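Written below as structure tokens is the structure these notes are about.
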Amino acid sequence: MLRAAFMAGLLLVGSPLAAAQDVTSEASVVPAPSHPRWVKGTDIELMVVREVNSRSAKAGERFRLRVNSPVTVDGTIAIPIGSVAWGEIVSVSGTSAAGGKGQLSLRLIHVDTQWGPVALTGTKGAEGASNTGGVILGVLGFGLLGLLNKGGNATFKAGDIIHGYIADGEDPAAPPLLISNQNGPHT
């Protein structure tokens, strides 16, 4: 008898807990966030993750960037710090004899978000240092062999900041038109 009363008590005590657990599990199911309203031209600050230079880069090669500042849409962070973005090497020109400097240019492709890739626009170029002084000193010291001195390679160093912009989306809202009366009130 005592055992039956104890079991009945457990069922009564357990029922509210079970019901609370069911409610908690249903409440923790969060609906998938809706797709943000991307605004064309929104600035995205990106950081170079690994050095890219004109000595080893090849045109068409893709490289990774990191979102360096969160992007908010309608007051909510849509692209958090640390999100991955991608760039592509457009052209490469290595160093050349007679102090010729390396050149490197890139374009931004997209940033990865939880809703899929978001296209970016933006390009950037870099140029290595010229070595004209080294060539002149080389010619004076070694004759024509001094012309073999090369210039510096173009590089995007790890930690460099590049700004990109969202390519597709709504057009930005036009600023409000302000009309001022500079002459004062008319009488």
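The values are calculated or read from the model by the stated rules, or taken from the named source; none is laboratory data. Predicted model only: the values in this text are computed from it and were never measured. Neighbour counts run over all protein chains shown; Cβ positions are idealised from the backbone, glycine included. Accessible surface areas use protein heavy atoms only, side chains included; no ligands, DNA or RNA. Shrake-Rupley method; radii C 1.70, N 1.55, O 1.52, S 1.80 Å.
Give the ranking of I81, I166, I161, I109 by solvent-accessible surface, highest area first, calculated with a 1.4 Å probe.
Working: I81 90, I166 5, I161 70, I109 25 Å².
Order by accessible area, largest first: I81, I161, I109, I166.
Taking 7 Å along the Cα-to-C-beta vector as the label spot, tell me the E88-K40 distance in nanometres, rounded to one decimal.
2.1
Fully extended, how many nm does the chain gain between L177 and A158 (0.36 nm per residue separation, minus their Cα-Cα distance)?
Full extension of this stretch gives 2.6 nm more.
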